[in-house]
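Below you'll find the structure, written out as structure tokens, and then a few comments.
The values are calculated or read from the model by the stated rules, or taken from the named source; none is laboratory data. Just so you know, these numbers come straight off a predicted model, no measurement behind them. All Cβ positions, glycine included, derive from the backbone under ideal geometry; neighbour counts span all protein chains shown.
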Amino acid sequence: MAYKQTLNKIEKQVKAHFDALKKENPAGRKGEKRVALMRPFYDQAEVMQVVDSLLRQEITMNQSKGNKVQKFEDLWKGFIGKKEGIMTNSGSSANLMALQLLTNPLLPNRMKPGDEVITPALTWTTTVSPIWAVGCKPVFVDVDPSTFVMKVEEIEKAITPKTRAIMPVHLLGYPCDMPAIMELAKKHDLFVIEDCCEAHGAEIDGRKVGSFGHLATFSFFFSHHLSTMEGGMVLTDDVEYAEIIRTMRSQGVIRNCRNDAFKERYYKDPRYKDIQRAYLFSNIGFNVRPTELNGGFGLEQFKKFPKILKARIDNAAYFLKAFKRFEKHIAMPMIGKNVKHGWFGIPVYVKESPSVTRKELEAHLNSKGIETRQIMAGDVTLQPAYGLFESRVVGDLKHTKAIHKSAFFFGNHPLIRKEERAYVVRCMEEFFRGKK
């Protein structure tokens, strides 16, 4: 009774807080950008999920059996179209778990140190870091300048006898050609790990990204389409893969596995009869678990996801149309007929000339309160960290290097309204006025 009374009191106050917040002008707050690169999008529903877990004192998977985490896993895997979902504390950890799985001794055809993984040179760093972390070698290929994602032809050029996996990245929400990639992987007997961390809801041929690969990873960081504050997930159709990842996710113990047959394999083995079940370590272990707070947050965000995705797509459609008047100076992504773009951000490629450069355009937008950034980590082969580890580059990466030099993106989230969209266009008009 005390719990419900306390919850009701808090809920009234939290609702009043968010009602007041909605009336404020975000751009009027000190330090706020007029058009921010990212802004959290949640209300009292998510906060009350967190408060509920705190009041119940059910905050970790080990203590509460992960009820909210498991519910969110089931919602997301069902939405994407995979049989298994394993939530982690970040998309970066999801990538790490996927690579740790593929090099695990329990896999008869596992990858081994020195094996190669093909991935784009235009990406985020935690796509690549897990490849090195498991002792494998990233092989960097160029991207399509009209989509910013890698082409099947470039992947095929990179395949050698040492190649064991392909790790396509649906960069900024644009889907790679997954049907062709899967066909190529089947031909050469390669694993495919889809990095979908920026591509929630994106589709190719009516099928959602994340449903194609042997493994797929998502991020639920607060700037992404659907947020759990911090969080990520690995998806797969393979029960064995899923339970190995669940084991590694939680320090190597098997108590958080969901498949009874997998657990009984160890519980009934007489060699382990003197080990407490709660502390039976069947594999290498990390601690990349999410909390119940993250799971609860995700449950409410999932309800909002259709609205969130629509807002991003509507924003992008507006800018694609409005920016056509500047096509002499800038280019936008070319959207194929069979593609549904997830629109993590709004990318702009500047056709540089003596009168127009990317740096000048970005500086102008920044001065107007429109936040911008480079395309993820840019050409990762130019980053200082990448001189520390062994890798291979295929081709001259000319498109990646051109994007690194001449492209940027600005924010795209549900709190960008008609007023902000029109403001961005006015600022662009101001910059290009009189430019030859």
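Descriptive notes on the structure:
- When each of Ile275, Ile284 is tested for being free of Cβ contacts under 8 Å to residues at least 40 places away in the same chain, of a type in the set (A, V, I, L, M), under 30 Å from Thr103 (Cα atoms) and part of a loop (DSSP other than H, G, I, E, B), the lone residue that passes is Ile275.
- Those helices (runs of 4 or more DSSP H) of region 19-134 in which at least 3 residues are of a type in the set (A, V, I, L, M), out of contact with any Pro (no Cβ under 7 Å at 6 or more places or on another chain) and surrounded by fewer than 23 Cβ atoms within 10 Å (Cβ to Cβ), considering only elements entirely within it, cover 44-56.
- Residues located in region 397-433, provided they are among the polar types (S, T, N, Q) and assigned to a helix (DSSP H, G or I): Thr400, Ser406
- Filtered residues of region 165-213 (kept if closer than 16 Å to Thr127 by Cα and either basic (Lys, Arg) or in a strand (DSSP E or B) (or both)): Ala165, Ile166, Val169, Phe191, Val192, Ile193, Glu194, Asp195
- Against the criterion of being touching an Asp or Glu at 6+ places or on another chain (Cβ under 9 Å), farther than 30 Å from Thr247 by Cα and outside any loop (DSSP other than H, G, I, E, B), Arg312 does not qualify.
- Check on Lys398, out of contact with any Asp or Glu (no Cβ under 9 Å at 6 or more places or on another chain) and in the same structural domain as Phe326 (by TED's automatic domain parsing): no
- Qualifying residue in region 386-396 (condition: of a type in the set (Phe, Trp, Tyr) and within 27 Å of the chain's Cα centre (by Cα)): yes
- Pro290, sole failed condition from (1) more than 22 Å from the chain's Cα centre (by Cα); (2) at pLDDT 95 or above; (3) not assigned by TED's automatic domain parsing to the domain that holds Ile370: (1)
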